[in-house]
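Engineer: Mind having a look at this structure? Questions to follow.
The values are calculated or read from the model by the stated rules, or taken from the named source; none is laboratory data. Only a predicted model underlies this, so the values are computations on that prediction, with no experimental measurement involved. Quick reminder, even Gly has a Cβ in these numbers, built from the backbone with ideal geometry, and neighbours come from all protein chains shown. Note: accessible area is taken over every heavy atom of the protein model, side chains too, but ligands, DNA and RNA are not part of it. Shrake-Rupley method; radii C 1.70, N 1.55, O 1.52, S 1.80 Å.
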Amino acid sequence: MAHTPNRNLPTPRVTPEQALAAVNPKLEVTRTKLAVIPTDSLREVLCYEFKGNFDDRNFLVYINAQNGREERILLLLETEDGILTM
C-alpha cells in the first residue's frame, strides 16, 4: 500500500488547528504533519500526525483530515535496536 504510483489525495477539510483540538491537551505536541495511514479494512486515510510526549512517553496521534475524528494512537518504544510502535 505504501508505494502507490498514482495516489489521489483529497484536500483536507479540517485545519491543523481543528485537528489539534481533538488531541488530548496533556500531550505536549512537538511536530505536526500530514500523513497517509492504512486502516484495518486495507484502505488509506489522510490524517494529521501529531508527535508528542506525555508522562515521559512518546506518542503519535492520527486525526482524520476529512472529519476530525481520531483514527489511531501509537506509543513509540525506543530500544537499542530501533523504535517500535504499539
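Engineer: So if I place +1 on the C-beta of Lys and Arg and -1 on the C-beta of Asp and Glu, and nothing else carries charge, what would the dipole magnitude of the stretch 11-58 be about its Cα centre? I want it in debye, nearest 20.
Structural biologist: Working: 7 positive and 7 negative charges, 25 e Å.
Charge dipole, the stretch 11-58, about its Cα centre: 120 debye, nearest 20.
Engineer: Determine the order of ILE73, ILE63, ILE83 by accessible area, beginning with the largest, at a probe radius of 1.4 Å.
Structural biologist: Reading off the accessible areas and sorting them downward yields ILE83, ILE73, ILE63.
Engineer: Mind listing the phi-derived Karplus ³J(HN,Hα) values for the stretch 73-81, rounded to whole Hz, using 6.51, -1.76 and 1.60 with θ = phi - 60°, and x for any glycine or proline?
Structural biologist: These are the phi-based 3J(HN,Hα) values: 10, 10, 8, 9, 10, 8, 10, 5, 8 Hz.
Engineer: With a 1.4 Å probe and every protein chain left in place, tell me how much accessible area ARG57 has, in Å² to the nearest 10.
Structural biologist: 120 Å²
Engineer: So for THR11, THR39, what's the accessible-area order with a 1.4 Å probe, most first?
Structural biologist: THR11, THR39
Engineer: So how do GLU70, GLU17 rank on accessible area, 1.4 Å probe, biggest first, that is with the largest at the start?
Structural biologist: Working: GLU70 110, GLU17 130 Å².
From most accessible down to least: GLU17, GLU70.
Engineer: Could you work out the helix-only [θ] at 222 nm for the chain, with each DSSP H run of four or more residues adding -39,500 (n - 2.57) and the total divided by the number of residues, to the nearest 500 deg cm²/dmol?
Structural biologist: Values: 1 runs with 5 residues, N = 86.
Counting only the DSSP helices, I get -1000 deg cm²/dmol.
Engineer: Shifting gears a bit: Under a Cβ-only charge scheme (Lys and Arg +1, Asp and Glu -1), can you give me the dipole magnitude of the chain about the Cα centre, in debye to the nearest 20? It would help to have the intermediate numbers written out before the result.
Structural biologist: Numbers: 10 positive and 12 negative charges, 93 e Å.
The dipole magnitude comes to about 440 debye.
Engineer: Let me ask something else about it. Of the DSSP beta bridges with both residues in the chain, give the percent that are antiparallel, rounding to the nearest 5.
Structural biologist: Of the beta bridges lying entirely in the chain, close to 100 percent run antiparallel.
Engineer: Keeping all protein chains in place, calculate the accessible area per residue for the chain (probe 1.4 angstrom), answer in Å².
Structural biologist: Averaged over the residues of the chain, the accessible area is 73 Å².
Engineer: Which option, (1) 6.5; (2) 5.1; (3) 7.7, is the value of mean projected area of the Cα convex hull in nm² that was calculated from these coordinates?
Structural biologist: Checking each listed value against the structure points to (1).
Engineer: Rounded to the nearest percent, how much of the accessible area of the chain (1.4 Å probe, protein heavy atoms only) is carbon and sulfur?
Structural biologist: 49 percent
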